[in-house]
Structure formats: C-alpha cells, structure tokens
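Below you'll find the structure, written out as structure tokens, and then a few comments.
The values are calculated or read from the model by the stated rules, or taken from the named source; none is laboratory data. What you are looking at is a predicted structure, and each value in this text was computed from that prediction instead of being measured. Note that we place each Cβ from the backbone using ideal geometry, even for glycine, and neighbour counts take in every protein chain shown.
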Amino acid sequence: MKVEVQNISWGVEVQQIIKSIYLEAYPGELIGVIGPNGSGKSSLLRLIYRFYPPDAGAIYLDERDILTMSIKETARRMAVVVQERDNNFNFTVYEMVMMGRTPHKKLLDADTAEDDVIIRNSLEHVGMLSLAQRDFHTLSGGEKQRVLIARALAQHARVLVLDEPTNYLDLRYQFEIMELIRSLSITTIAAMHDLNLAAAYCDRIYLLKAGEVVAHGQPQDVLTAKQIKSVYGVDVEVEVRPSTGRLHIVFTKVHSS
C-alpha cells in the first residue's frame, strides 16, 4: 500500500510544529524519519496515524484521503507501534495480540477459531508463540516490542507506523527488532533515533529539522557529514564498510549551540 503525505502542517496555538511536509512511502518500503529531539518526528507520525488532524494538507492511503475513512477502516489498513508505556492493566501476551483483531469485529462479536489461528501465526512470526500465556509485564523490552509487532500483524494491516521501535533496547534487541521489521515486507514508516540503524535498514530517509524536511532520499544521499553537522550540530565521519557495504557514522566532535 502506498502512503502519501501531501504538504501537511500542524501546530499548537501560535507555534507551528509541522511545516508543509511531503513524504511518500511505496509498497514494501521501509522509510526512516530522523532528526534531533524536537524536530517533529513523533508529531509527524501522529498525524499519519490520525492522533491529530492536520491543519493543512492531506494524507492518502492508495490515493484515498484517510479523513474520508472511519477510524476502524483506517485501523484495518494501518497498524501503529508506539513506545510501550506502563499501565495498570495486566494482559497475557495472547490477549495483547488479540487486541489487533478489534478493527475486524463488530461490537460484542465473539473471538473465533479464525482469530486464534491469526494470533498464533502472528506470535510464531515474531518468535513469541511459546510465551503466549506469559504476563506481558514480565517480558523484557525486546520481547514486548515483538509482541506489539505481532499485534500489528494480527490487524492484517498493509501499513506499519513505528515510533522509535529500538529505543531503550540493548544492542542485540535493536538489531533483532530491525531484522524483524525488515522481514515483514509491508510499507513501513519509522521514526528512528540511531543514524547507523537507519542507514543499515531503511530504503529511504527523511531528515527533519524544526518541523521541516531538509533532505530526503537514499541513506547515502541524506546521511552526509555536511548535513548531519547542519542538523545535529556534530562533526562525524561517514564511511562505507567494505565488509557489509553499509554506511557507518562515527561521531568526532560536538559544536556549541
């Protein structure tokens, strides 16, 4: 499914936070949205998944304006994984993934054998089926992210939106989660903090600064030393590792603001 963000703007009171952003994600692409804290990454994602309505512009799924869809219809097409937050409810892993079936049900519909198959298949896909009856709160950070991705898979959505999916995870889980996301082969838009992970896994990258896109394209075109210095205020060295063919970014100096 294609996602097209056409010149959307959004703000709070007199402060404009998102400024005429244009973004495209084609079927099967993994699109990275990067930028320093306060650049508008999470706000842009919230606009895409309808947490906020834009003040101007429009967002299309396969050329259909999402504001012409019901919330449930949007949820059947788009799944969202945000950073997991503590809450006062205690669900099993199975119950957490079952929530992904909600957009496909009417009020008071019972769970079905088909739902059970979908949930188990989703858990198996992320390697969590053996923990289906574990309490979600007892899981590690990486395991929780896998369960949340399984819930998104259970939605049978064709677009996945992720807000910093590797945040607070240790090194192994960061790579495991990115490998899993890459393997899904569905249209994915992810706000990312780690530039090396973005370089390694994204098909294309949008670089934000103060609510605007200042560069977009393939990782090697966006993640240049000049652009990183301009946006992040640090000197880096950017090289291609011969062993992997991937970009590698090394911090060398920070500049005073």
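Kindly evaluate VAL81 against the criterion of being in contact (Cβ under 8 Å) with a residue 60 or more places away in the chain, closer than 30 Å to GLN227 by Cβ and touching a Pro at 6+ places or on another chain (Cβ under 8 Å).
Answer is yes for this residue.
Contact list please: Cβ distance under 8 Å, first residue in region 26-49 and touching a residue at least 60 places away in the same chain (Cβ under 8 Å) and more than 19 Å from ARG182 (Cα to Cα), second residue in a loop (DSSP other than H, G, I, E, B) and hydroxyl-bearing (Ser, Thr, Tyr), pairs at least six apart or on different chains.
SER43/TYR52
If you scan region 88-111, which residues turn out to be surrounded by 15 or more Cβ atoms within 10 Å (Cβ to Cβ) and either farther than 21 Å from ILE71 by Cα or among the small types (Gly, Ala, Ser) (or both)?
Answer for region 88-111, where residues must be surrounded by 15 or more Cβ atoms within 10 Å (Cβ to Cβ) and either farther than 21 Å from ILE71 by Cα or among the small types (Gly, Ala, Ser) (or both): PHE91, THR92, VAL93, TYR94, GLU95, GLY100.
Taking the condition of being under 14 Å from the mean Cα position of the chain (by Cα) and of a type in the set (Val, Ile, Thr), how many residues in region 7-34 meet it?
Matching residues across region 7-34 total 3.
Only residues that are in contact (Cβ under 8 Å) with a residue 12 or more places away in the chain and of a type outside the set (Asp, Glu): list them for region 101-120, please.
ARG101, THR102, PRO103, HIS104, ILE118, ILE119, ARG120
How about region 126-151: which of its residues are of a type in the set (A, V, I, L, M) and touching a residue at least 24 places away in the same chain (Cβ under 8 Å)?
VAL126, MET128, LEU131, ALA132, LEU139, VAL147, LEU148, ILE149, ALA150
All but one of (1) under 29 Å from LEU197 (Cβ atoms); (2) buried (at least 17 other Cβ atoms within 10 Å of the Cβ); (3) out of contact with any strand residue (DSSP E or B) (no Cβ under 6 Å at 6 or more places or on another chain); (4) not basic (Lys, Arg) hold for GLY28; which doesn't?
GLY28 satisfies every listed condition except (2).
For ILE48, work out the one condition from (1) within 18 Å of LEU162 (Cα to Cα); (2) surrounded by fewer than 13 Cβ atoms within 10 Å (Cβ to Cβ); (3) not aromatic (Phe, Trp, Tyr) it doesn't fulfil.
Only one criterion is unmet by ILE48, namely (2).
Of all residues in region 161-213, how many are assigned to a strand (DSSP E or B) and either buried (at least 23 other Cβ atoms within 10 Å of the Cβ) or among the β-branched types (Val, Ile, Thr) (or both)?
So the answer is 12.
Tell me which residues, restricted to region 119-130, are in a helix (DSSP H, G or I), surrounded by 13 or more Cβ atoms within 10 Å (Cβ to Cβ) and modelled with pLDDT of 95 or more.
ILE119, ARG120, ASN121, SER122, LEU123, GLU124, LEU129
Yes or no, residue by residue, for (1) in a strand (DSSP E or B); (2) within 19 Å of ALA190 (Cβ to Cβ):
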position	(1), (2)
ALA215	yes, yes
ASP221	no, yes
ILE228	no, yes
GLY245	no, no
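Return only the number of the condition from (1) within 25 Å of PRO219 (Cβ to Cβ); (2) free of Cβ contacts under 8 Å to residues at least 60 places away in the same chain; (3) small (Gly, Ala, Ser) that ALA58 does not satisfy.
Result: ALA58 passes all but (1).
What residue, among those in region 131-160 that are among the polar types (S, T, N, Q) and part of a loop (DSSP other than H, G, I, E, B), is farthest from GLY35 (Cα to Cα)?
GLN133
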